[in-house]
1. For ALA105, state whether it is within 30 Å of SER281 (Cα to Cα) and either within 19 Å of the chain's Cα centre (by Cα) or at pLDDT below 95 (or both).
2. Within segment 116-149, work out how many residues are in contact with an Asp or Glu (Cβ under 7 Å, 6 or more places away or on another chain) and of a type in the set (A, V, I, L, M).
3. Looking only at residues in segment 88-121 that are of a type in the set (Lys, Arg) and in contact (Cβ under 8 Å) with a residue 24 or more places away in the chain, which one is farthest from SER149 (Cα to Cα)?
4. When MET180 is evaluated against the numbered criteria (1) in contact (Cβ under 8 Å) with a residue 12 or more places away in the chain; (2) crowded, with 17+ Cβ neighbours inside 10 Å, which criterion, by number, is the only one it fails?
5. Go through segment 177-212 residue by residue and tally those that are of a type in the set (Phe, Trp, Tyr), part of a strand (DSSP E or B) and more than 22 Å from ASP50 (Cα to Cα).
6. Can you name every residue in segment 3-46 that is within 19 Å of MET205 (Cβ to Cβ) and touching a residue at least 60 places away in the same chain (Cβ under 8 Å)?
Amino acid sequence: METVACGMCGSSRARTVLRQRDLALGGSEETFTVVRCRACGLLYLNPRPDRTEIGRFYPPQYFADEQPKSRSELELRLKRWSNAVKRWVREDFYGYPGSRLPRWARMPRRLLLWPEQARRVFRGREILPWTGQGRLLDVGCGPGGNLASLQAQGWDVHGLDASEVAVGRARKRFGDRVRMGDPVATEYKDQSFDVVIFSHALEHMHDVRAVLKESRRILDDRGLLVITLPNAGSWEAKLFGPWWFPWELPRHLYHFDRRTLARMLEQAGFRVVRMRTGVGSLFFMASLERAWTRRLGRPLPARWLMERVVARPFCLLAGHLGHGTEITVYAVKDGVQGEGDNGAAG
Ligand SMILES: [Zn+2]
């Protein structure tokens, strides 16, 4: 274990916020401590496993492959139909190329799709806006689940991960488009990508500031950085305290809220163009179930009802008010020519 100073401002003054064990994978009684920097407010794990130790907290089962679902003929038909609708939404609202529709038919289709688009936004199912030539890097890609769906949408996908197990699995599908490496010093050329994504990945990294600076280097001047991570300032984190699912100790080394994430991005030379919080109830239910079973020693009753009557309304409200359990931020490179004409700014 290593003791560290704040990864954002360098101050060593911090106070303990919570202690918890490795609830997801831990067989041990080892306790981990999250502290808050007294100078800038950043939450981080301290002490923390150093780069040589962190591997033992990621056993192979952590990188589970997704099992393909078996579907009936009717389900397949419905799936094809819903995929077509999603493709139209991507073309008409997010600038995706590939539409064979003549120009005069575009506007009526857009009008017809508008309720579906409004529903998607309300349910938090927003889509990555098409950017540049579609060259995309998923940092911390794991076994490649994200890459598969992004490739199906037409992106020219590439992946990077520090785990040999994860890269091995991802390479079965994507070959040498997936590399193993340290996100602080990648081997990509300057401005190699139109989009760089961190999906529940940045909070796992030892030096976030250096990782973001490297991302800025490999991102096109008109490119888009997209980060999704847990919101430590969310109502859920406050409600569940140490039982909040996304603390994920000791794999999450940093715990951002909207303010600290924006500040970290600014320090690395990015400008935030949009920030929203998620409306999903997955983490709420996982936290509730965990707290209930660990504290009361029996399974959560009426789970179905609890999810529909409590979790979903709570999460919808929290998410739309900016207090949801997950943050997604879109940022562009600050101080370069051509900034501002990016599709995510709307
Ligand atoms: Zn600090």
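1. No, not satisfied.
2. 2
3. Quick first cut of segment 88-121, residues of a type in the set (Lys, Arg) only: 90, 100, 103, 106, 109-110, 119-120.
If we keep only those that are in contact (Cβ under 8 Å) with a residue 24 or more places away in the chain as well, we get 90, 120.
Details: ARG90: 13, ARG120: 17 Å.
Among those that are of a type in the set (Lys, Arg) and in contact (Cβ under 8 Å) with a residue 24 or more places away in the chain, it is ARG120.
4. Result: MET180 passes all but (2).
5. Taking segment 177-212 and keeping what is of a type in the set (Phe, Trp, Tyr), we get 188, 193, 198.
Still in the running and part of a strand (DSSP E or B): 193, 198.
Remaining after also requiring more than 22 Å from ASP50 (Cα to Cα): 193.
Adding up the residues that qualify gives 1.
6. Once the filter is applied, which keeps residues that are within 19 Å of MET205 (Cβ to Cβ) and touching a residue at least 60 places away in the same chain (Cβ under 8 Å), segment 3-46 yields GLY7, MET8, ASP22, ALA24, PHE32, VAL34, CYS40, LEU42, LEU43, TYR44, LEU45.
A quick yes/no check of all residues on (1) more than 28 Å from ALA39 (Cα to Cα); (2) at pLDDT 95 or above; (3) touching a Phe, Trp or Tyr at 6+ places or on another chain (Cβ under 9 Å):
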{"position": "TRP247", "(1), (2), (3)": "no, yes, yes"}
{"position": "THR277", "(1), (2), (3)": "no, yes, no"}
{"position": "SER287", "(1), (2), (3)": "yes, yes, yes"}
{"position": "ALA291", "(1), (2), (3)": "yes, no, yes"}
{"position": "ALA302", "(1), (2), (3)": "yes, no, no"}
{"position": "ALA311", "(1), (2), (3)": "yes, yes, yes"}
{"position": "LYS333", "(1), (2), (3)": "no, yes, yes"}
{"position": "GLY338", "(1), (2), (3)": "yes, no, no"}
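For every residue, the table says whether it meets (1) touching a helix residue (DSSP H, G or I) at 6+ places or on another chain (Cβ under 9 Å); (2) under 23 Å from CYS141 (Cα atoms); (3) hydrophobic (A, V, I, L, M, F, W, C).
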residue	(1), (2), (3)
VAL196	yes, yes, yes
SER199	yes, yes, no
GLU203	yes, yes, no
TRP243	yes, no, yes
TRP247	yes, yes, yes
PHE256	yes, yes, yes
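The values are calculated or read from the model by the stated rules, or taken from the named source; none is laboratory data. What you see is a predicted model; the values in this text were computed from it and never measured. Cβ sites come from the backbone with ideal geometry, for glycine too, and all protein chains shown count toward neighbours.
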